[in-house]
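**Q** Supplied in structure tokens, the structure appears directly below.
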Amino acid sequence: MFSSDQYQLIDFGDGRRLERFGRLLLDRPCPAAEGFQRADPQAWSAADARFDRTAAEQGRWTSRGTLPQQWTIAHGRLRLGLKRSGFGHLGVFPEQAANWDWIAEVLRPIAPPGKTPARAEGGQSSQCKVLNLFAYTGGSTLAAAAAGAEVTHVDAARNTIARARRNAELSGMSAAPIRWIAEDAGKFVRRELRRGNRYEVVILDPPSYGHGPRGEVWRLSKHLPRLLADCGELTAGRCRFMILTCHTPGFDPQRLKEMIVQAKQGTDTTRAEPPSGRSDGSYLPPFSGGVLEAEQLTIRSAADRDLPSGVVVRWRQAAEK
């Protein structure tokens, strides 16, 4: 998690949350805080800026005095540039810090940093290959790269990828083995399958609804099962771990866990048979064996209250005996 001098959830309630990012105290809408009462009503008057929605997605900031347009917070080696957007976002989702820590913990024994990757047959790197889909501003990408992995970072928005690359520079990782791809996640995965490229790790943080760079429509409820099945094929027989986070209403830990299990068993309706006609027994279902866990993501406030902040499902290869 973030250290308290870099990020802290001060309070939440009445559909809003009060957070400190570095030295700035910000008051923003938060649907997950509906139905909660504020624990410290007096604290809210100290906010440096407040965001209010003026439309379904957009809104405006009001602030006290002159505030920096951009600033930086840190999490371990990671340095993340923040700025207030017209959507109320800043460039980081604090609940993801727990996942960055988990990614680093699992990857370090697999891909120890500082080692030159060996070369397999054909000149290909044998370094652990990580695919980060819907990768946003790169927190998970940088956590994986810092742990020694070779990362493919995929996001539909070029401006978001530019921010992720800037975060890599801020973190002293501009030379890390990271590919930056502006593409629709589903299209990219299917293209990698056709090319015969494979990965040991997949990280996904899909939105409820979105668009690809050429207007491709993404709806989590419709498209996630197929994407999970494709990711299963992309890692079949070699997957080290997979992590899926979700903030879509109606997708609780149990439902997402069942979707992973379906992909694991190859029983998703989008792929009822082994891929590429492999019915000779050589196809191993993705995510076979291992440890599967699903839980609610939360952020602990200064008053020791937990704010629901989405769901995470993690699958990892069982430790060798």
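**Q** Could you order the peptides 61-70, 201-210 from most to least packed, using the average number of other C-beta atoms within 10 Å per residue?
**A** Peptide ranking by packing, descending: 201-210, 61-70.
**Q** Using DSSP to define loop residues, name the trypsin sites (Lys or Arg not before Pro) in the stretch 192-253 whose beta-carbon has at most 15 other beta-carbon atoms within 10 Å.
**A** 214, 238
**Q** Among 305-311, 175-181, 11-17, how do they line up by average Cβ neighbours within 10 Å per residue, starting with the highest?
**A** Packing order, densest peptide first, comes out as 11-17, 305-311, 175-181.
**Q** How would 21, 188 line up from fewest to most surrounding beta-carbon atoms within 10 angstrom?
**A** 188, 21
**Q** (i) 78, 47, 33; (ii) 67, 44, 41; (iii) 71, 50, 36: which one is Cα extents along the principal axes in Å as calculated from this entry?
**A** Calculated Cα extents along the principal axes in Å: the matching label is (ii).
**Q** Taking the chain as the reference, fit the longest principal axis to its C-alpha atoms, fit the long axis of helix 220-234 to the helix C-alpha atoms, and give the angle between the two in degrees, 0 to 90, nearest 10.
**A** The helix 220-234 is inclined about 40 degrees to the chain.
**Q** So, one more: In deg cm²/dmol, rounded to 500, what helix-only [θ] at 222 nm does the chain give when every DSSP H run of at least 4 residues adds -39500 (n - 2.57) and the total is split over its residues?
**A** It lands at -7000 deg cm²/dmol.
**Q** In the chain, which longest range has no GluC sites (Glu not before Pro) that are both DSSP loop (not H, G, I, E or B) and surrounded by at most 12 other Cβ atoms within 10 Å?
**A** Longest run free of exposed loop sites: 58-319.
**Q** Next up: With 24 Å as the limit, write out which pairs from 129/187; 222/257; 83/257 have Cα-Cα distances beyond it, or answer none.
**A** Over 24 Å apart, Cα to Cα: 83/257.
**Q** Now for a separate question. Charges at C-beta only: +1 for Lys and Arg, -1 for Asp and Glu. How large is the resulting dipole of the chain about its Cα centre, in Debye rounded to 20?
**A** In total the dipole reaches around 860 debye.
Laboratory data are not the source of any read-out in this text; all were calculated from the coordinates shown. On a predicted model such as this, the values are computed, not experimentally measured, just so you know. Here the Cβ is made from the backbone with ideal geometry for all residues, glycine too, and neighbour counts use every protein chain on show.
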